[in-house]
Amino acid sequence: MKALRYLPLLLLAACGDNTAPPGASSSSSGGASSSSGSTPADGGADVVPTGSIVLAVADATVIQGGAVDLTLQLTRGSAITGAVKVTFGTLPAGLGLPVGNFEFKPGETTLKVQLSAGIDGKQGDAKLSATAVTLDGLASAKKDFTVLVRGAPGTVDKTFGTDGIATLSSLGAGYVAKVEVDSKDRVVVAGTRDQGGTPGVFVVRLQGDGAIEPTFGVKTAPAGQQIVGALTTAPDDTVYVAAGPLGPNNNLSLFESGAAADLIQKFATIGEAPTELRADATKVHVASGFYFASGVNVRVRWRALDVDRAAGSSAGVSPAFVLARGPSTLLPDGSAVVGFSTAASATPMDLSVKRYLAGAETNAFSEPATMAEALALTPQGTGKVLVLGALTNGAADRRIIQLNATTLVRNTTFGGTGIAQIAAGGGADVMAVDATERIVTLGIASGAREVRRFTPAGLPDTTFGSAGLRTLPGFAEGGVALTVQKNGRVVVGGQFLDGTGTAVPGVMRLWD
């Protein structure tokens, strides 16, 4: 399985409120606790008995190396007018409170207490408790609450897998080729693994902690399917994967997950070039290419194909278009945007980006001085398409441009100059967009994986590492896969060494 190896800080400023970053909220919610219960009044409102108190504590999120203000709310019965002391239960390792006494002064209803988190503490939900007691000791109330302890944006999410890496050792030697998320924000993984001495395609779904979900199991493609071209999920969480034999000029087929362990072939001959899949309630939309010989050069014939999910039959094929290389993306309006060149090996490339609707070209973009080679295309929100590429063929001068999804006119203010420039020599080969339209790229530079995040406007996201860049540890050689969960956490797939030194499929997750 040697071939599988070669196939394709922390925030120190205190947080000033209890608002968690997207997706970072803790697993339980705050509430109120009373010393003697409460009596429903008209309309369902709670009334605090005369000699009682009620304590409420909001759940919070704290970034390691920083601090957060815990917000405590006290409701007093009419007979409680004096100061009320507050104590906290034993704190988990890595969390700390200021030295001193905490109390609600007479008449006060809100108390803020700063909670700090050390850099090396345990990540995840920390269970805490606070107790309020009147000075005479006659009334008290205890409240349990949760604080999510997390890393800074772009750092490894250690609540996932082992120290942030879900090493799928049970699958044996292999690598992850594609990662996606389904409607429930679960991570779906497709890749190649050793199956009796030959590569075979697998699909798994991961739980929130990074373990393989047992109800989904390990889905395996039929023998002979050795590479993954694309992966997507339908609204009902059915998984679709484009897979095919190893080597050039071998056609990919469309496979579907079902109750059985084997993936089900739904449609053959969907294409050979890198394939884009999108699934809705009734169809799987495919954008793909077919290699063919044209003189001494290899060409690709691109097409769009719809596959009926129920019947597994073609539900419409667009005319084919000749191109040498180039990615494509499918948009919600049914159109496809394709980046391609008619020159197979020219330097620089003569990139064109074209939009097709119902098989007909509607608009085109071509600015060789701005972008000559495309590596990835993806929609950004409504009405925008991003192109990741380079100025010259094969050069390490990665850049991103933003086009209007209908007219393909370039936004000349994107990135400040019309181009989101990636530092010379920086790695960026695949791209994803999160729910807030931030842009994430992943690539290899000097043997290391690099993740970059940009604002929706194409500027480096300076909250995400140094100048928007994180260099990832722990990867072996194979696989470059990227997606972003709905909660903003970045998911990177590839190949990792397990405890025996075997290069196995694995997934790393980063904090949003």
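Looking at (1) part of a strand (DSSP E or B); (2) closer than 28 Å to Leu171 by Cβ, can you tell me which one Arg452 breaks? Every condition holds for Arg452 apart from (2). For the range 44-75, residues that are in a loop (DSSP other than H, G, I, E, B) and hydrophobic (A, V, I, L, M, F, W, C) total 3.
Here is a yes/no grid of residues against (1) under 24 Å from Gly174 (Cβ atoms); (2) at pLDDT below 95; (3) of a type in the set (Val, Ile, Thr); (4) crowded, with 23+ Cβ neighbours inside 10 Å:
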position: Ala457; (1), (2), (3), (4): no, no, no, no
position: Gly474; (1), (2), (3), (4): yes, yes, no, no
position: Arg489; (1), (2), (3), (4): yes, no, no, yes
position: Thr500; (1), (2), (3), (4): yes, yes, yes, no
position: Val507; (1), (2), (3), (4): yes, no, yes, yes
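Just so you know, in the range 177-235 the residues that are surrounded by fewer than 15 Cβ atoms within 10 Å (Cβ to Cβ) and among the β-branched types (Val, Ile, Thr) include one that is farthest from Ser253 (Cα to Cα), and it is Thr215. Residues in the range 392-415 that are part of a loop (DSSP other than H, G, I, E, B) and buried (at least 21 other Cβ atoms within 10 Å of the Cβ) were compared, and the one that is modelled with the highest pLDDT is Ala405.
Could you tell me which numbered condition Gly447 fails, if it satisfies all but one of (1) out of contact with any Gly (no Cβ under 8 Å at 6 or more places or on another chain); (2) over 22 Å from Gly164 (Cα atoms); (3) surrounded by fewer than 22 Cβ atoms within 10 Å (Cβ to Cβ)? Of (1) out of contact with any Gly (no Cβ under 8 Å at 6 or more places or on another chain); (2) over 22 Å from Gly164 (Cα atoms); (3) surrounded by fewer than 22 Cβ atoms within 10 Å (Cβ to Cβ), only one is false for Gly447: (2). The residues of the range 160-174 that are surrounded by 21 or more Cβ atoms within 10 Å (Cβ to Cβ) and under 18 Å from Gly121 (Cα atoms), listed by number, are Phe160, Gly161, Gly164, Ile165.
Being surrounded by 15 or more Cβ atoms within 10 Å (Cβ to Cβ) and modelled with pLDDT of 85 or more holds for only one residue in Thr362, Thr370, and it is Thr370. Listed conditions (1) part of a loop (DSSP other than H, G, I, E, B); (2) in contact with a Pro (Cβ under 8 Å, 6 or more places away or on another chain) are all met by Gly418, apart from (2).
Of the residues making up the range 465-506, those that are more than 16 Å from Ile165 (Cβ to Cβ) and in contact with a Lys or Arg (Cβ under 7 Å, 6 or more places away or on another chain) are Gly468, Leu469. For the range 425-449, filtered to residues that are farther than 23 Å from Lys158 by Cα, assigned to a loop (DSSP other than H, G, I, E, B) and not small (Gly, Ala, Ser), the residue that is modelled with the lowest pLDDT is Asp429. Put simply, of Ser78, Ser116, Ser25, Ser29 the only residue that is in a loop (DSSP other than H, G, I, E, B), modelled with pLDDT of 95 or more and at negative phi is Ser78.
When only residues in the range 59-74 that are of a type in the set (S, T, N, Q) and surrounded by 19 or more Cβ atoms within 10 Å (Cβ to Cβ) count, which is nearest to Gln123 (Cα to Cα)?
Filtering the range 59-74 for residues of a type in the set (S, T, N, Q) gives 61, 64, 71, 73.
Subsequent filtering for residues that are surrounded by 19 or more Cβ atoms within 10 Å (Cβ to Cβ) retains 61, 64.
Details: Thr61: 11, Gln64: 8 Å.
Here the residue is Gln64.
For the range 164-188, which residues satisfy the criterion of being farther than 13 Å from Phe496 by Cβ and among the aliphatic types (A, V, I, L, M)? Within the range 164-188, Ala177, Val179, Val181, Val187, Val188 meet the criteria.
The values are calculated or read from the model by the stated rules, or taken from the named source; none is laboratory data. Remember, it's a predicted structure, so these values are computed and weren't measured experimentally. Backbone-built Cβ (ideal geometry, glycine too); neighbour counts: all protein chains shown.
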